[in-house]
Structure formats: structure tokens, C-alpha cells
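The structure appears below as C-alpha cells.
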Amino acid sequence: MNESTPVVVEQDFETSVECLWSAITVAEQMKKWFFQDIESFEPQVGFSTRFNVQIDENKNFVHLWKLTEVVPREKIVYHWCYEGYSGESFVTFALSGDEQRSSLKVTHVGLDNFPKDVPELSRESGLQGWNYFIKSSLKDYLSSDN
């Protein structure tokens, strides 16, 4: 597997597709399982946001997101890059399900576009991060009382 291979993470949930959609599109909910520094989020094409993720006192990753596609309760696509670093990528959240069960498939393409000398931007780091966010953090969030 090389850097150009997309990261794909899939997870089933014991919750409605409507609840899953809210968890991935409502800023207050996203802060509880995804990135706590997200200031705002609107599931609308063209919406953009920026927020910092500080790894330590010397490493900051300012996330720059712009939504390129939104199909309510089915799909949302982000253009994803980092301020001060070359490269860009796209993340797709694809949802399916009904009133009782739902599934999410996250696909992150373009990780090979980021600098090779920054371990936090590698495909391996992306795979670990998405597995944590979707299979652990989001799953725990959706199975709790929120």
C-alpha cells in the first residue's frame, strides 16, 4: 500500500441515519467526538472554516476545510488542507441507514499530496486518526446519552 491509496474507514451504528447526520454536521456535537476547536460548521456547499490543532508547543496544524458537496443525510465532502503546508485532500462522509441503524464510510483521498517529512500528515497517521475518530470516538458518542 502506498501513500496514494485512500484511507477508508467504515462503521455501523445502532442509531438512526438522522442522528448520525447530526453528529457529523452540528458543530456542538462535532466538538464532543471530532475536533473540540471547531468554532462553527454549516452543512452547505461553499461553507469554509479554519481551526488549530496544537500537537505540542512547537507543532500546530491549522485545518482549512471547505465543503464541496452536501446531500443531506447521505453525503458530505470536504476539501481539506493545512495552513502553511503544501498539498490538499478530500474527505467524503457517506451515510446510509434508516430510523434504527446507520452506516458511515469515510474516504480520505490525496494524503500523498502532503509533505513527506511531516509524520502527522502521512497516510499512516491519517488511517490511525480516522480509525480512532470513527470506530472509537464517534461510536462511543453515539452510544452514549450525548
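Inclusion of residue 103 among residues that are closer than 23 Å to residue 143 by Cβ, of a type outside the set (Val, Ile, Thr) and in contact with a Gly (Cβ under 7 Å, 6 or more places away or on another chain) is warranted. Of all residues in the range 76-119, those satisfying the criterion of being more than 12 Å from the chain's Cα centre (by Cα) and charged (D, E, K, R) are 83, 88, 98, 99, 101, 112, 116, 117. May I ask you to verify whether residue 24 is in a helix (DSSP H, G or I) and either of a type outside the set (Phe, Trp, Tyr) or farther than 30 Å from residue 117 by Cβ (or both)? Judged against the criteria, residue 24 is a match.
Selection over the range 46-67 of residues that are exposed (fewer than 14 other Cβ atoms within 10 Å of the Cβ) and under 19 Å from residue 108 (Cβ atoms) gives a count of 2.
Take the residues in the range 29-65 that are part of a loop (DSSP other than H, G, I, E, B) and β-branched (Val, Ile, Thr), then tell me which one is modelled with the lowest pLDDT. First the steps, then the outcome.
First, pick out the residues of the range 29-65 that are part of a loop (DSSP other than H, G, I, E, B): 34-47, 57-58.
The next check asks that each one be β-branched (Val, Ile, Thr); those that pass are 38, 45.
Details: 38: 94, 45: 98.
Only one residue tops the list, namely 38.
Looking at the range 89-119, which of the residues that are among the charged types (D, E, K, R) and surrounded by 15 or more Cβ atoms within 10 Å (Cβ to Cβ) is nearest to residue 67 (Cα to Cα)? Here the answer is 105.
Of the residues making up the range 7-36, those that are without any contact (Cβ under 8 Å) to a residue 24 or more places away in the chain and surrounded by 13 or more Cβ atoms within 10 Å (Cβ to Cβ) are 22, 26, 27, 30, 31.
Only one of 8, 17 is under 30 Å from residue 115 (Cα atoms) and in contact with a strand residue (DSSP E or B) (Cβ under 6 Å, 6 or more places away or on another chain). Can you tell me which?
Numbers: 17 fails: under 30 Å from residue 115 (Cα atoms).
Exactly one residue qualifies, and that residue is 8.
Does the range 94-123 hold any residues that are closer than 18 Å to residue 82 by Cα and among the aliphatic types (A, V, I, L, M), and which are they? Of everything in the range 94-123, those that are closer than 18 Å to residue 82 by Cα and among the aliphatic types (A, V, I, L, M) turn out to be 109, 111, 118, 121.
Of the residues making up the range 109-146, those that are within 24 Å of residue 99 (Cβ to Cβ) and at pLDDT 95 or above are 134, 135, 137, 138, 139, 140, 141, 142.
When residue 86 is tested against the conditions (1) surrounded by 16 or more Cβ atoms within 10 Å (Cβ to Cβ); (2) touching a Phe, Trp or Tyr at 6+ places or on another chain (Cβ under 8 Å), the lone failure is (1).
The values are calculated or read from the model by the stated rules, or taken from the named source; none is laboratory data. Remember, predicted model here, so these are calculated numbers, not experimental data. As a convention, Cβ positions derive from the backbone with ideal geometry for all residues, glycine included, and neighbour counts pool all protein chains shown.
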